[in-house]
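**Student:** Quick one: the structure is below, questions incoming.
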Ligand SMILES: Nc1ncnc2c1ncn2[C@@H]1O[C@H](COP(=O)(O)OP(=O)(O)OP(=O)(O)O)[C@@H](O)[C@H]1O
Ligand SMILES: [Mg+2]
């Protein structure tokens, strides 16, 4: 009997509902931002481990340092102009210096040099000077543009090994993989590889030599990979979890929305008609609902994905095809109670055709319920899609939280204590689902008694 | 001798619109072996009054003033448990408005009769049950049936049987005949008359159908908008109702579906925003200035008591 | 409707529903099913060829080729290849319903067999144990909590239930499993992180069963935690609306105590609805139940599906899907029967 405005008014009184709505708007804005801010091929970048070498792998979020964990963040040097000097006899030298302060008691996880240039330089020379004055000189012969040279690469590590040999007097072979960083950061001496990390100022000078003039880009970079990363840490390949979470957001929302609108609208109309017409046809429609209810969504979708390639829309519609029975069952019972109310009978008595009655008087009564369940249905769709992604079934070229969690599962992140890799993507599913549930419950509470009140 | 008595009883329902004064300062009494009626149009507060007297109000409804005396004891002051053990059903039983739905749908009639007998320490044998059903002219086979397998009239009678099962002193019946056909209505009223005579119980009968009870009740209260407007022996009342509302009520033909009584134009006032003065004023053909200003007290007119400035 | 009639009608309708559901499934997996059958034909053909060469050394290459081709044709004919589509459909459905799933590509049953039906037979009981126990616990606890919450409307329990229910709708069961592993298995070291028994299992029936229970606890708890809130929420609303019905008030007037009204009259009245809700819960918690197996490496059909996805073992995937459909339908059928037993309108008469 009360109009739309009173629904809105009542909704605005529900604290949980309003919080949900605010969260929802925030998520929507965020996902629009993601769609606009990242290139459309970002998913393939995400799936290529090469792209993430500049990040520390398996790094916890940086804020753990606030909790007293010594996990320095990464440092990136990029964008500096190259000073050039002709050194005579047709040789050209381009150089750049970096200076940074290291205050942590642990070494970085790696250092990565990424030259960007056009032309063919002869060699790149890196002079690594420690706070105690010792220097390690590294020569990279004919460097390639767009390559990433890290401390464990042969090009760099051989020079480090020489330095270790000079300091410790033992053979190069005793340096195990990864100990290059100890050589670069620990206090010098015979116990170089087990010495404490030197805190202080490090100077790194890069010289690129060439026989002909070349153009060195300011986008060349030197990265000191830390032991922590961003707000949410990184996975095994150094991919930032926070990026994965952002990239997964539009997919989750879109899939949830499409799924639930399709499932609820079909389910409610189907269940509504079923309850309204009653009799044998109702019996048949109920049976039909059962047939779809009995299809186990998860294994069925898995099996189907071997027959057809999924796209976002086809996945959403398939999920909808498997979840509408829930709404049909609810709508049917609401329909039965609406039907028992007097005005529907009165309409009948006045000779209005059943069909018209259904759409003019009956469906409007079901609309509020439909809206409430659409909202409540969205998280169900999101959950199922993420679960499928966790099982490895998702449209290609889409980043999913379920997929990230699948990786975490395969790598046994929970057992290795890489909690951030498990916690944040899963939490995100909850965070995205919760506002819908809050809004849905609030709507349901407003709408339900009015429908069932006799 | 007075058995059950309400004194200055007021019941309200707090709502978002304000407090609905469903029952306002009502005095009512029921003597031993007496058959008393309460009449009034829909929404007058009859059911609320009865439920309040039996401590059956569901929140938010609550008694805000007055007392209910049973054999002189104020039963509103007892603890829930005490009242449940010593009074409910054993002394005060009620046939509800809509008693059709008074049975728990998933138990047979017989088992529900037995339950109530057993819970109050009475003998709960099959023969007791069939005797009980016999008193309300029901066949023994009813006992093994579920409520949904009975007709409305059968359920109504079965519920009366249940109300009588512990031989209460007072039986309150709230519209025991609504939604029944005319013949069944008459049968039920006759049944109540007979039972009262045979079992010697006091009956408080609530109805909006004056014609139906005219021969049954000895005394009558007429309620309007939460208050009693007329009270007296039914002989006097039916000979000539005094209150303009009672007159309208008697000449009107109440129907099941409409809340409005055709004989009296207009509606009940909003119980959450009662005007001062007599509440019937807006609908009263004899309304005077004083009616708008002051609430009329009950005063003796002939053998009756009437709340109206006309007298 | 008498109960017997109810039973007959429901049984027939569920049996027909089974065929219909499986037909939909069949349409969905049609391309992959054909592929699997052809692969099987090729594999069997190769085996046949080897045995032929071993047994009859004097056969020419051409003769062998002919015999193998004939063998393959017979094999494919069993599945209705080169027959009209309806016949093919009927034949392939018949093979599914008689559990002729062929052999797996990689997966082996614990007894070493590569027959998909024996693999399924080994994994299925574990799924049933986990899922049934979980569902029973959820239904029992959810009903009790829902009833208690409705009894003290507006109380602490009552107000906290919607929050628990929010969990239900937004928590992936498998993720909760993860957290449980990280916390109870990794941090506290209270429970094993996965599997169904220790390796090697302890000796003796009782220690062995205890070991099994220990492994069951975490997956069960994850399933329970995720589902119980939603169920309690539904039961609470059901009980709540029932408490407003006339019969509750009249029961009170009859001097029946509040607890007896709640736990006898109200509970019995809503129990058919609880059965209906349990049916829905069976259907909606199914996905969670089979993914929780993956996380805890509980050797049920869920884990089998996951591992088969990793190894692209299509015959196994098709078979588990088919079996899980039957399991789900059976669960729904049992729920329906409970409903019939509980509702006097069906039971009596
Ligand atoms: N729970 C409630 N909340 C608010 N108002 C109520 C509530 N229950 C009853 N009322 C109001 O109290 C008044 C008296 O109601 P009551 O049921 O006692 O009337 P009645 O005389 O028994 O009518 P009827 O003949 O239709 O049974 C009505 O105006 C009704 O609107
Ligand atoms: Mg009433």
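The values are calculated or read from the model by the stated rules, or taken from the named source; none is laboratory data. Note that the structure is predicted; figures quoted are calculated from it, not measured. No Cβ is skipped: glycine too gets one built from the backbone with ideal geometry, and neighbour counts run over all protein chains shown.
**Student:** Within the stretch C:160-198, which residues are assigned to a loop (DSSP other than H, G, I, E, B) and more than 24 Å from the chain's Cα centre (by Cα)? Break it down stepwise before answering.
**Tutor:** Start the filter on the stretch C:160-198 by keeping residues that are assigned to a loop (DSSP other than H, G, I, E, B), which leaves C:171-172, C:188-198.
Result: C:188, C:189, C:190, C:191, C:198.
**Student:** Quick test for you: out of C:223, C:240, pick the one residue that is part of a helix (DSSP H, G or I) and either within 7 Å of chain B (Cβ to nearest Cβ) or under 30 Å from residue C:179 (Cα atoms) (or both).
**Tutor:** Step by step, each of C:223, C:240 is checked, and only C:223 is part of a helix (DSSP H, G or I) and either within 7 Å of chain B (Cβ to nearest Cβ) or under 30 Å from residue C:179 (Cα atoms) (or both).
**Student:** In the stretch A:289-305, which residues are more than 8 Å from every other protein chain (Cβ to nearest Cβ) and more than 17 Å from residue A:386 (Cβ to Cβ)?
**Tutor:** Scanning the stretch A:289-305 gives a single hit, A:289.
**Student:** Quick one: residue B:22 ticks every box in (1) in contact with a helix residue (DSSP H, G or I) (Cβ under 7 Å, 6 or more places away or on another chain); (2) more than 16 Å from ligand 2 (Cβ to nearest atom) except a single one, so which number is it?
**Tutor:** Of the numbered conditions (1) in contact with a helix residue (DSSP H, G or I) (Cβ under 7 Å, 6 or more places away or on another chain); (2) more than 16 Å from ligand 2 (Cβ to nearest atom), the odd one out for residue B:22 is (2).
**Student:** Look at the stretch C:192-216 and say how many of its residues are buried (at least 19 other Cβ atoms within 10 Å of the Cβ) and more than 8 Å from chain A (Cβ to nearest Cβ).
**Tutor:** At the first step, the residues of the stretch C:192-216 found to be buried (at least 19 other Cβ atoms within 10 Å of the Cβ) are C:192-194, C:196, C:215-216.
So of that shortlist, the ones also more than 8 Å from chain A (Cβ to nearest Cβ) come out as C:192, C:194, C:196, C:215-216.
Total meeting the criteria: 5.
**Student:** Would it be correct to say that residue C:71 is touching a residue at least 12 places away in the same chain (Cβ under 8 Å), in a helix (DSSP H, G or I) and not assigned by TED's automatic domain parsing to the domain that holds residue C:234?
**Tutor:** yes
**Student:** Can you report the number of residues in the stretch A:105-144 which are surrounded by fewer than 17 Cβ atoms within 10 Å (Cβ to Cβ) and within 30 Å of the chain's Cα centre (by Cα)?
**Tutor:** 2
**Student:** Kindly indicate the residue of the stretch B:242-262 that is surrounded by 13 or more Cβ atoms within 10 Å (Cβ to Cβ) and modelled with pLDDT under 65 and also nearest to ligand 1 (Cβ to nearest atom) among those meeting that condition. Break it down into steps so the answer makes sense when it comes.
**Tutor:** Taking the stretch B:242-262 and keeping what is surrounded by 13 or more Cβ atoms within 10 Å (Cβ to Cβ), we get B:242-252, B:254, B:260-261.
Applying the additional criterion that residues be modelled with pLDDT under 65 yields B:254, B:260-261.
On the way: B:254: 9, B:260: 12, B:261: 11 Å.
Looking at the filtered set, the residue picked out is B:254.
**Student:** Still on this model: Yes or no: the stretch B:155-172 includes at least one residue that is within 14 Å of chain C (Cβ to nearest Cβ), closer than 22 Å to residue B:233 by Cβ, touching a helix residue (DSSP H, G or I) at 6+ places or on another chain (Cβ under 7 Å) and within 16 Å of ligand 1 (Cβ to nearest atom).
**Tutor:** Yes, the stretch B:155-172 has at least one match.
**Student:** Another question, if that's okay. Please indicate, with yes or no, whether at least one residue in the stretch B:1-10 is more than 14 Å from chain C (Cβ to nearest Cβ), within 16 Å of ligand 1 (Cβ to nearest atom) and over 20 Å from residue B:174 (Cβ atoms).
**Tutor:** Of the stretch B:1-10, the ones more than 14 Å from chain C (Cβ to nearest Cβ) are B:1-10.
Filter once more, keeping what is within 16 Å of ligand 1 (Cβ to nearest atom): B:6, B:9-10.
Then keep just the ones that are over 20 Å from residue B:174 (Cβ atoms); that gives none.
So far as the stretch B:1-10 goes, no, none of its residues is more than 14 Å from chain C (Cβ to nearest Cβ), within 16 Å of ligand 1 (Cβ to nearest atom) and over 20 Å from residue B:174 (Cβ atoms).
**Student:** Looking at (1) outside any loop (DSSP other than H, G, I, E, B); (2) under 36 Å from the mean Cα position of the chain (by Cα), can you tell me which one residue C:108 breaks?
**Tutor:** (1) is the only condition that residue C:108 fails.
**Student:** Also, I was wondering about something else. Step by step: first the residues of the stretch B:204-240, then only those that are in contact with a strand residue (DSSP E or B) (Cβ under 7 Å, 6 or more places away or on another chain) and in a loop (DSSP other than H, G, I, E, B), then the one that is farthest from ligand 2 (Cβ to nearest atom). Which residue is that?
**Tutor:** Across the stretch B:204-240, the extreme among qualifying residues is B:218.
**Student:** Given the criterion within 14 Å of chain A (Cβ to nearest Cβ) and in contact (Cβ under 8 Å) with a residue 24 or more places away in the chain, identify the matching residue among C:93, C:18, C:76, C:7.
**Tutor:** The unique qualifying residue is C:18.
**Student:** Could you please let me know if residue B:76 is more than 16 Å from ligand 1 (Cβ to nearest atom), in the same structural domain as residue B:27 (by TED's automatic domain parsing) and under 20 Å from the mean Cα position of the chain (by Cα)?
**Tutor:** Answer is yes for this residue.
**Student:** Now for a separate question. Listed residues A:10, A:76; which is in a helix (DSSP H, G or I) and either closer than 30 Å to residue A:206 by Cα or touching a helix residue (DSSP H, G or I) at 6+ places or on another chain (Cβ under 7 Å) (or both)?
**Tutor:** It is A:10.
**Student:** Pick out, from the stretch B:26-128, the strands (runs of 3 or more DSSP E) lying fully within it that include 1 or more residues that are within 14 Å of ligand 2 (Cβ to nearest atom) and within 12 Å of chain C (Cβ to nearest Cβ). Working first, answer last.
**Tutor:** Numbers: elements: B:35-39, B:62-70, B:92-95.
Of the strands (runs of 3 or more DSSP E) lying wholly inside the stretch B:26-128, those with at least 1 residues that are within 14 Å of ligand 2 (Cβ to nearest atom) and within 12 Å of chain C (Cβ to nearest Cβ) span B:92-95.
**Student:** Here's another thing I want to ask about it. Inside the stretch A:308-318, can you point out the residues that are at pLDDT 90 or above and within 11 Å of chain C (Cβ to nearest Cβ)?
**Tutor:** A:318
**Student:** Tell me, which residue of the stretch B:174-203 that is more than 16 Å from ligand 2 (Cβ to nearest atom) and part of a loop (DSSP other than H, G, I, E, B) is farthest from the other protein chains (Cβ to nearest Cβ)?
**Tutor:** Within the stretch B:174-203, the match that is farthest from the other protein chains (Cβ to nearest Cβ) is B:200.
**Student:** For the stretch B:23-34, state whether one or more residues are more than 15 Å from residue B:171 (Cα to Cα) and within 9 Å of ligand 1 (Cβ to nearest atom).
**Tutor:** The answer is yes; a qualifying residue exists.
**Student:** Taking residue B:43 as the residue in question, decide whether it is within 30 Å of residue C:153 (Cα to Cα), within 13 Å of the chain's Cα centre (by Cα) and within 16 Å of ligand 1 (Cβ to nearest atom).
**Tutor:** yes
**Student:** Could you tell me whether the stretch A:209-219 includes any residue that is crowded, with 22+ Cβ neighbours inside 10 Å and part of a helix (DSSP H, G or I)?
**Tutor:** Among the residues of the stretch A:209-219, not one is crowded, with 22+ Cβ neighbours inside 10 Å and part of a helix (DSSP H, G or I), which makes the answer no.
**Student:** Here's a follow-up. Within the stretch B:204-214, does at least one residue satisfy the condition of being more than 14 Å from every other protein chain (Cβ to nearest Cβ), away from ligand 1 (no atom under 16 Å from the Cβ) and farther than 17 Å from residue B:248 by Cβ?
**Tutor:** No, because not a single residue in the stretch B:204-214 is more than 14 Å from every other protein chain (Cβ to nearest Cβ), away from ligand 1 (no atom under 16 Å from the Cβ) and farther than 17 Å from residue B:248 by Cβ.
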